[in-house]
Amino acid sequence: MVSNTGTWLQGVAVPYVLFQLTGSATWVGLATFATFIPIMVLGPIGGTLADRYSRRRILMIGQSFAALFALALYIAYASGTREPAVVLLLTSAMSASAGLTIPAWQAFVPALVPHDDLPSAITLNSVQFNAARAIGPALAGIVLASWGASAAFLLNAVSYVAVVGALALVRVQLPRLGGRGGSVLRGFGAAFGYLKRRAGIWRGVVLAMVVAFLGNPILQFTIVWAEDVYGVGPEALGVLTGAIGIGAIAVAPWVAGAMGDIPRAQVVRVGLPAYGAAVMGFGLSTGYWFGVVCAAIVGAGFLAVISTTNTAAQSIVAEHFRGRVMAIRVMGFTAAYPLGGLLQGWLADRIDPAIVVSTAGATLLGIGLWLAWRPTWLEPLDDPPDAFAPDVA
């Protein structure tokens, strides 16, 4: 959580700096693009590594490199290098490290708890992530106002010490994994073939991509709304962005408990329309506190959909496909998010941000209502675990 708090602190500082330097929502969209596209491109390699080698060792190495790139961003900015391209380049380098480690992160979680505790473990993991999403932006507002962006970049670099130290203390016995031979592409092709036969997994991936493309760009628009609509400073921006994480934390106990008693499909039927309605409300908002409330509901709906579909994938997938399948899920999400952010940022510069965001929210709401009308489409999210599946690679 400490490390993710630093990541979110920087996640607010980078678009804030770019908007200050350029005054363009397109550059803010480019920040999202530079953050997530390397994760998508390197997903096949990261997923294959997670299925072939020690996931703990992969995480240790990847997080160490990310810390070095974060430190380089601090040094560059603090020394007076204020070029948007430099900021984007180093942000992309950190994202490349993430692309090689995120599948290992995802695949590592089930090894830490008994299978019956997996839904709660995944929700708890989402809670720490969203707690960081609440704390990081709020801290970013204070840091940006008091010490400037260079301090935010330095704090992020230092925060990696926490996660590397935690990994050094973890001892876990992982099962022996198959599929060690063959090329990366062949192994990843086998994972795609497996995925196509598991409706509960691929439908969850599709839902995550829809949420990322239409709804997640609201994170970048909090900067635009704070400056151009609400007319507030960085402290209030931190509260606005942090409200998304607070909403997620607030709904987490229900999500964790619901998955023991309520079908996963039903959680999504409730969460997705709420998410879409809140995004639409934020896009139409003109008052700061109404925007904060909408942002909190956005966070609640996001956690409900993403945590539930992640639990479905982790619960269903066969162990020796876990790293590659989770890489496909991460790739889908991290491709849809920057593309949605770039498109919405470009449209916002040419049309109107309120129209763009509210239309995206209305589309999400429509999809959610359609799924409520066609409930059988979501039912495979509750499929049983897949104990064995041949790995042709």
Legend entry - Filter pass, residue 304 being under 30 Å from residue 50 (Cα atoms), touching a Phe, Trp or Tyr at 6+ places or on another chain (Cβ under 8 Å), assigned to a helix (DSSP H, G or I) and small (Gly, Ala, Ser): yes
Inset, instruction - Provide a single number: the residues in region 225-237 that are at pLDDT 85 or above and either crowded, with 21+ Cβ neighbours inside 10 Å or outside any helix (DSSP H, G or I) (or both). - result: 5
Legend entry - Contacts under 8 angstrom Cβ, first residue in region 259-284 being closer than 14 Å to residue 354 by Cα, partner acidic (Asp, Glu) and not in a helix (DSSP H, G or I), 6 or more apart: none
Legend entry - Of the criteria (1) without any contact (Cβ under 8 Å) to a residue 40 or more places away in the chain; (2) out of contact with any Leu (no Cβ under 9 Å at 6 or more places or on another chain), which one residue 19 fails: (1)
Legend entry - Lone unmet requirement of (1) buried (at least 16 other Cβ atoms within 10 Å of the Cβ); (2) of a type outside the set (Lys, Arg); (3) modelled with pLDDT of 85 or more for residue 193: (1)
Inset, instruction - Working only within region 103-113, note down all residues that are modelled with pLDDT under 85, of a type in the set (A, V, I, L, M) and buried (at least 23 other Cβ atoms within 10 Å of the Cβ). - result: 107
Inset, instruction - Among the residues of region 24-58, count how many are buried (at least 24 other Cβ atoms within 10 Å of the Cβ), touching a Phe, Trp or Tyr at 6+ places or on another chain (Cβ under 7 Å) and among the polar types (S, T, N, Q). - result: 2
Legend entry - Residue identified as more than 29 Å from residue 328 (Cβ to Cβ), at pLDDT 80 or above and buried (at least 19 other Cβ atoms within 10 Å of the Cβ) among 159, 146, 150, 97: 150
Inset, instruction - Identify all residues within region 1-48 that are of a type in the set (Ser, Thr, Tyr) and either in contact with a His (Cβ under 6 Å, 6 or more places away or on another chain) or under 16 Å from residue 85 (Cβ atoms) (or both); write none if there are none. - result: 22, 24, 26, 32, 35
Inset, instruction - Specify which of the listed residues (314, 344) is more than 28 Å from residue 50 (Cβ to Cβ), of a type in the set (S, T, N, Q) and in a helix (DSSP H, G or I). - result: 344
Inset, instruction - Output the qualifying pairs, or none if there are none: Cβ atoms under 6 angstrom, residues six or more apart or on different chains, first residue in region 355-384 and over 21 Å from residue 307 (Cα atoms), second residue small (Gly, Ala, Ser) and surrounded by 13 or more Cβ atoms within 10 Å (Cβ to Cβ). - result: 356/348; 357/283; 358/283
Inset, instruction - State whether the residues of region 246-256 include one that is at pLDDT below 90 and more than 20 Å from the chain's Cα centre (by Cα). - result: yes
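The values are calculated or read from the model by the stated rules, or taken from the named source; none is laboratory data. As the structure is a prediction and not an experimental result, all values here were calculated from the model. With ideal geometry, Cβ positions are generated from the backbone for all residues, glycine too; neighbour counts draw on all protein chains shown.
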